[in-house]
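Let me begin by presenting the structure, written as C-alpha coordinates, before commenting on it.
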(Lines give C-alpha, C1' and ligand atoms only; values in the text may rest on other atoms or scores of the structure.)
Protein backbone atom coordinates (compact mmCIF):
# COMPACT_ATOMS: atom_id res chain seq x y z
CA UNK A 1 0.00 0.00 0.00
CA UNK A 2 2.88 2.40 0.71
CA UNK A 3 4.23 2.08 -2.81
CA UNK A 4 0.83 2.56 -4.43
CA UNK A 5 -0.03 5.65 -2.40
CA UNK A 6 3.45 7.08 -2.94
CA UNK A 7 3.05 7.01 -6.72
CA UNK A 8 -0.37 8.58 -6.42
CA UNK A 9 0.79 11.46 -4.21
CA UNK A 10 4.45 12.37 -3.86
CA UNK A 11 5.59 10.75 -7.12
CA UNK A 12 2.53 11.03 -9.31
CA UNK A 13 3.13 10.85 -13.07
CA UNK A 14 4.48 14.07 -14.57
CA UNK A 15 5.16 14.28 -18.31
CA UNK A 16 7.96 16.78 -17.65
CA UNK A 17 10.09 13.97 -16.23
CA UNK A 18 10.11 12.22 -19.61
CA UNK A 19 11.31 15.44 -21.27
CA UNK A 20 14.01 15.83 -18.62
CA UNK A 21 15.30 12.26 -18.81
CA UNK A 22 15.32 12.08 -22.58
CA UNK A 23 17.44 15.23 -22.70
CA UNK A 24 19.75 13.96 -19.93
CA UNK A 25 20.26 10.63 -21.68
CA UNK A 26 20.88 12.23 -25.06
CA UNK A 27 23.14 15.04 -23.88
CA UNK A 28 24.97 13.50 -20.91
CA UNK A 29 24.58 9.81 -20.21
CA UNK A 30 25.06 8.79 -23.85
CA UNK A 31 28.69 9.88 -23.43
CA UNK A 32 29.16 7.39 -20.58
CA UNK A 33 27.25 4.43 -22.03
CA UNK A 34 28.72 2.46 -24.92
CA UNK A 35 26.46 0.72 -27.50
CA UNK A 36 27.52 -2.74 -26.29
CA UNK A 37 26.84 -2.03 -22.59
CA UNK A 38 24.44 -3.82 -20.27
CA UNK A 39 22.76 -1.08 -18.20
CA UNK A 40 20.95 -1.74 -14.92
CA UNK A 41 18.65 0.83 -13.35
CA UNK A 42 17.95 0.39 -9.65
CA UNK A 43 14.62 1.78 -8.46
CA UNK A 44 13.45 2.50 -11.99
CA UNK A 45 10.02 3.95 -11.10
CA UNK A 46 8.31 5.10 -14.29
CA UNK A 47 11.25 3.94 -16.41
CA UNK A 48 12.16 7.38 -17.72
CA UNK A 49 15.91 6.75 -17.58
CA UNK A 50 16.08 3.16 -18.76
CA UNK A 51 13.59 3.77 -21.57
CA UNK A 52 15.80 6.48 -23.05
CA UNK A 53 19.14 4.67 -22.76
CA UNK A 54 20.59 3.26 -25.97
CA UNK A 55 22.69 0.14 -25.43
CA UNK A 56 22.79 -3.61 -26.09
CA UNK A 57 20.88 -4.71 -22.99
CA UNK A 58 18.70 -2.84 -20.51
CA UNK A 59 17.49 -4.16 -17.15
CA UNK A 60 15.33 -2.37 -14.60
CA UNK A 61 14.27 -3.26 -11.07
CA UNK A 62 11.70 -1.64 -8.79
CA UNK A 63 9.35 -2.96 -6.14
CA UNK A 64 6.46 -1.09 -7.78
CA UNK A 65 4.28 -3.68 -9.49
CA UNK A 66 3.44 -1.37 -12.40
CA UNK A 67 7.04 -1.20 -13.66
CA UNK A 68 6.71 -3.94 -16.35
CA UNK A 69 3.85 -2.06 -18.02
CA UNK A 70 5.83 1.18 -18.14
CA UNK A 71 9.17 0.12 -19.61
CA UNK A 72 9.89 0.29 -23.33
CA UNK A 73 10.08 -2.80 -25.55
CA UNK A 74 13.39 -4.55 -25.05
CA UNK A 75 13.78 -3.54 -21.41
CA UNK A 76 13.86 -6.47 -18.98
CA UNK A 77 11.78 -5.42 -15.98
CA UNK A 78 12.03 -7.13 -12.61
CA UNK A 79 9.64 -6.42 -9.74
CA UNK A 80 11.47 -6.81 -6.45
CA UNK A 81 13.65 -5.23 -3.81
CA UNK A 82 16.96 -3.73 -4.95
CA UNK A 83 18.70 -5.53 -2.09
CA UNK A 84 18.14 -8.79 -4.00
CA UNK A 85 19.93 -8.80 -7.36
CA UNK A 86 20.33 -12.56 -7.66
CA UNK A 87 18.28 -12.59 -10.88
CA UNK A 88 21.30 -10.94 -12.59
CA UNK A 89 24.30 -13.03 -13.59
CA UNK A 90 27.58 -12.10 -11.90
CA UNK A 91 29.95 -9.95 -13.93
CA UNK A 92 27.42 -8.85 -16.54
CA UNK A 93 26.62 -5.19 -15.74
CA UNK A 94 28.63 -2.38 -17.34
CA UNK A 95 26.71 0.60 -15.99
CA UNK A 96 24.51 0.60 -12.88
CA UNK A 97 22.38 3.66 -12.22
CA UNK A 98 20.21 4.83 -9.32
CA UNK A 99 18.24 8.06 -9.22
CA UNK A 100 16.67 9.27 -5.98
CA UNK A 101 16.86 5.83 -4.43
CA UNK A 102 19.33 5.44 -1.60
CA UNK A 103 17.85 8.15 0.60
CA UNK A 104 14.81 5.81 0.84
CA UNK A 105 16.90 2.90 2.17
CA UNK A 106 18.58 2.25 5.50
CA UNK A 107 22.37 2.28 5.50
CA UNK A 108 22.33 -1.49 6.02
CA UNK A 109 20.18 -1.93 2.92
CA UNK A 110 22.41 0.42 0.94
CA UNK A 111 25.47 -1.55 1.99
CA UNK A 112 23.77 -4.77 0.87
CA UNK A 113 23.12 -3.29 -2.56
CA UNK A 114 26.73 -2.16 -2.86
CA UNK A 115 28.06 -5.59 -1.90
CA UNK A 116 25.77 -7.27 -4.43
CA UNK A 117 26.74 -4.84 -7.18
CA UNK A 118 30.39 -5.69 -6.68
CA UNK A 119 29.57 -9.17 -7.97
CA UNK A 120 27.20 -8.08 -10.71
CA UNK A 121 29.46 -5.44 -12.29
CA UNK A 122 31.97 -6.39 -14.95
CA UNK A 123 35.61 -5.43 -14.32
CA UNK A 124 35.63 -1.68 -14.86
CA UNK A 125 31.83 -1.47 -14.50
CA UNK A 126 30.57 1.66 -12.77
CA UNK A 127 27.84 2.84 -10.41
CA UNK A 128 26.30 6.26 -11.02
CA UNK A 129 24.13 7.84 -8.32
CA UNK A 130 21.89 10.88 -8.72
CA UNK A 131 20.08 12.05 -5.60
CA UNK A 132 19.42 15.05 -3.36
CA UNK A 133 22.44 16.60 -1.70
CA UNK A 134 21.37 17.40 1.86
CA UNK A 135 23.96 20.16 2.10
CA UNK A 136 22.17 21.98 -0.73
CA UNK A 137 18.60 20.72 -0.24
CA UNK A 138 18.16 20.64 3.54
CA UNK A 139 14.98 22.72 3.37
CA UNK A 140 13.18 20.32 1.02
CA UNK A 141 14.85 17.04 1.91
CA UNK A 142 12.18 15.73 4.25
CA UNK A 143 9.24 17.04 2.27
CA UNK A 144 9.32 13.49 0.91
CA UNK A 145 7.98 11.41 3.78
CA UNK A 146 9.81 8.30 2.57
CA UNK A 147 13.30 9.82 2.96
CA UNK A 148 14.88 7.98 5.88
CA UNK A 149 18.63 8.59 5.49
CA UNK A 150 20.62 11.75 4.91
CA UNK A 151 23.56 12.12 2.52
CA UNK A 152 25.62 15.04 1.32
CA UNK A 153 28.17 14.74 -1.46
CA UNK A 154 30.82 14.29 1.24
CA UNK A 155 29.04 11.63 3.29
CA UNK A 156 27.86 9.69 0.24
CA UNK A 157 31.39 9.50 -1.15
CA UNK A 158 32.70 8.44 2.26
CA UNK A 159 30.01 5.74 2.54
CA UNK A 160 30.93 4.40 -0.88
CA UNK A 161 34.62 4.31 0.06
CA UNK A 162 33.80 2.57 3.35
CA UNK A 163 32.02 -0.12 1.33
CA UNK A 164 34.89 -0.76 -1.07
CA UNK A 165 34.29 1.70 -3.90
CA UNK A 166 36.60 4.23 -5.48
CA UNK A 167 35.13 7.61 -6.47
CA UNK A 168 35.51 8.48 -10.15
CA UNK A 169 33.80 11.86 -9.95
CA UNK A 170 31.64 13.87 -7.59
CA UNK A 171 29.42 16.76 -8.68
CA UNK A 172 27.77 18.35 -5.62
CA UNK A 173 25.24 20.31 -7.71
CA UNK A 174 24.23 18.59 -10.93
CA UNK A 175 20.51 19.27 -11.38
CA UNK A 176 17.65 21.06 -9.57
CA UNK A 177 15.85 19.23 -6.79
CA UNK A 178 12.63 18.47 -8.67
CA UNK A 179 10.60 19.17 -11.81
CA UNK A 180 7.91 20.51 -9.47
CA UNK A 181 8.73 24.18 -9.90
CA UNK A 182 7.58 27.27 -11.74
CA UNK A 183 10.39 26.89 -14.27
CA UNK A 184 9.63 25.25 -17.63
CA UNK A 185 11.15 21.91 -18.59
CA UNK A 186 12.27 21.68 -22.21
CA UNK A 187 14.91 19.56 -23.87
CA UNK A 188 16.93 22.51 -25.11
CA UNK A 189 16.86 24.13 -21.66
CA UNK A 190 18.15 20.94 -20.04
CA UNK A 191 20.98 20.71 -22.56
CA UNK A 192 21.84 24.38 -22.00
CA UNK A 193 21.77 23.89 -18.22
CA UNK A 194 24.26 21.05 -18.47
CA UNK A 195 26.70 23.36 -20.24
CA UNK A 196 26.59 26.08 -17.57
CA UNK A 197 29.79 26.37 -15.49
CA UNK A 198 27.64 27.37 -12.49
CA UNK A 199 24.26 25.68 -12.15
CA UNK A 200 21.61 27.78 -10.38
CA UNK A 201 19.21 25.94 -8.07
CA UNK A 202 21.21 22.70 -8.41
CA UNK A 203 20.46 20.52 -5.38
CA UNK A 204 20.88 17.01 -6.78
CA UNK A 205 24.38 15.53 -6.69
CA UNK A 206 25.89 13.11 -9.18
CA UNK A 207 28.43 10.60 -7.90
CA UNK A 208 30.24 8.01 -10.06
CA UNK A 209 32.13 5.13 -8.48
CA UNK A 210 33.76 1.81 -9.28
CA UNK A 211 34.50 -1.14 -6.96
CA UNK A 212 38.09 -1.21 -5.70
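Some notes on this structure:
- Residue 82 vs. criteria surrounded by 13 or more Cβ atoms within 10 Å (Cβ to Cβ) and without any contact (Cβ under 8 Å) to a residue 60 or more places away in the chain: yes
- Candidates are the residues of region 110-131 that are farther than 13 Å from residue 98 by Cβ, without any contact (Cβ under 8 Å) to a residue 40 or more places away in the chain and not in a strand (DSSP E or B); the one that is nearest to the chain's Cα centre (by Cα) is 112.
- If you go through region 160-207 and keep only what is surrounded by 19 or more Cβ atoms within 10 Å (Cβ to Cβ), more than 19 Å from residue 138 (Cα to Cα) and modelled with pLDDT of 95 or more, you end up with 160, 163, 165.
- Pairs linking a residue in region 140-169 that is within 14 Å of residue 127 (Cβ to Cβ) to a residue that is in a loop (DSSP other than H, G, I, E, B), with Cβ atoms under 6 Å and 6 or more positions apart or on different chains, are 164/212; 166/212.
- Region 69-88, residues that are out of contact with any helix residue (DSSP H, G or I) (no Cβ under 8 Å at 6 or more places or on another chain) and within 21 Å of residue 35 (Cα to Cα): 73, 74, 76
The values are calculated or read from the model by the stated rules, or taken from the named source; none is laboratory data. These numbers were taken from a predicted model, which means no experiment stands behind them. With ideal geometry, Cβ positions are generated from the backbone for all residues, glycine too; neighbour counts draw on all protein chains shown.
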